[in-house]
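One structure below.
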């Protein structure tokens, strides 16, 4: 199982909760291979070029499937052609958090600080073209403010940077900052989805906090290289569904601030295409130019 992020990243945390039970459903253990580089492009490219025999599975996510094509001119793979979607396994909220010492107790107070000090507040992200990078850029674009983008090597590094105060804020998948929020080390200001998160019901959405057109969420799924036989795809899909229906796994995922979700290969394929189009519009709005 190729995971194009570092250990401790938001995606890594979720996958390691699912993998043991998924291995049981498949009748053999899963080996998680973290290949973190180039915003997920390295790992995804390795998966795309792997043998289509069902023994290599890509952990697909927003950053390297639906964001990267709009931020990189030279893509080593085509996410809509080189992979067969198998199933989603979770969807999550992006969470806007600030370092505890920052005098901002609401989204509007953070925006006011950035207006007073344009380009001085550091915005940490999990890397260039990551979902947290896009979530932050969309926020500053719609709010009409500027922040200094500081890319890190994954959420495993960017979130601790906000905890220590090295960076001022980040807008990243919830499972990374949530433990620090619960420990009182980070202050949550808003979530990026269409509704509040069950994990933090008192935290408003960005739309509720004053930017009604804002939406930013993340998704996680499993994909295989093109050419994989349909019977293999169906078997993997069935194992994923069985795994995600177990009470133990569902509770673990919910505790991380994400929500379990599965679908058929055809439904997942449509979902990816729709997200690809939506993210393209978001990238254009945020002023992101492919490099």
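The values are calculated or read from the model by the stated rules, or taken from the named source; none is laboratory data. The structure displayed is predicted, hence computed values, not measured ones. Cβ: placed from backbone, ideal geometry, glycine included. Neighbour counts: every protein chain shown.
Outside the structural domain of residue 163 (by TED's automatic domain parsing), at pLDDT below 95 and surrounded by fewer than 21 Cβ atoms within 10 Å (Cβ to Cβ): is that true of residue 37 in this structure? When the stated conditions are applied, residue 37 passes them. Among the conditions (1) surrounded by 24 or more Cβ atoms within 10 Å (Cβ to Cβ); (2) over 27 Å from residue 242 (Cα atoms), residue 77 misses just one, which is (1).
Listed here are the residues, each with its yes/no results for (1) in a helix (DSSP H, G or I); (2) touching a helix residue (DSSP H, G or I) at 6+ places or on another chain (Cβ under 9 Å); (3) not assigned by TED's automatic domain parsing to the domain that holds residue 27.
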site	(1), (2), (3)
54	no, yes, no
67	yes, yes, no
79	no, yes, no
118	no, no, yes
134	yes, yes, yes
160	yes, yes, yes
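Just so you know, in the stretch 162-180 the residues that are in contact with a strand residue (DSSP E or B) (Cβ under 7 Å, 6 or more places away or on another chain) and assigned to a loop (DSSP other than H, G, I, E, B) include one that is nearest to residue 215 (Cα to Cα), and it is 174.
Go through 14, 107 for me and flag whichever is crowded, with 21+ Cβ neighbours inside 10 Å and modelled with pLDDT under 95.
Just one listed residue meets the conditions, 14.
Can you tell me which residues in the stretch 112-124 are surrounded by 21 or more Cβ atoms within 10 Å (Cβ to Cβ) and under 23 Å from residue 212 (Cα atoms)? Scanning the stretch 112-124 gives 114, 123. Within the stretch 17-31, the set of residues being under 16 Å from residue 221 (Cβ atoms) and out of contact with any helix residue (DSSP H, G or I) (no Cβ under 7 Å at 6 or more places or on another chain) comprises just one member, 19. For the stretch 141-157, filtering for residues that are in contact with a helix residue (DSSP H, G or I) (Cβ under 7 Å, 6 or more places away or on another chain), assigned to a helix (DSSP H, G or I) and modelled with pLDDT of 90 or more leaves 2.
So is residue 92 crowded, with 20+ Cβ neighbours inside 10 Å, outside any loop (DSSP other than H, G, I, E, B), modelled with pLDDT under 95 and at positive phi or not? Talk me through it step by step, then tell me what you get.
Working: crowded, with 20+ Cβ neighbours inside 10 Å: yes; outside any loop (DSSP other than H, G, I, E, B): yes; modelled with pLDDT under 95: yes; at positive phi: no.
For residue 92, the condition - crowded, with 20+ Cβ neighbours inside 10 Å, outside any loop (DSSP other than H, G, I, E, B), modelled with pLDDT under 95 and at positive phi - is not met.
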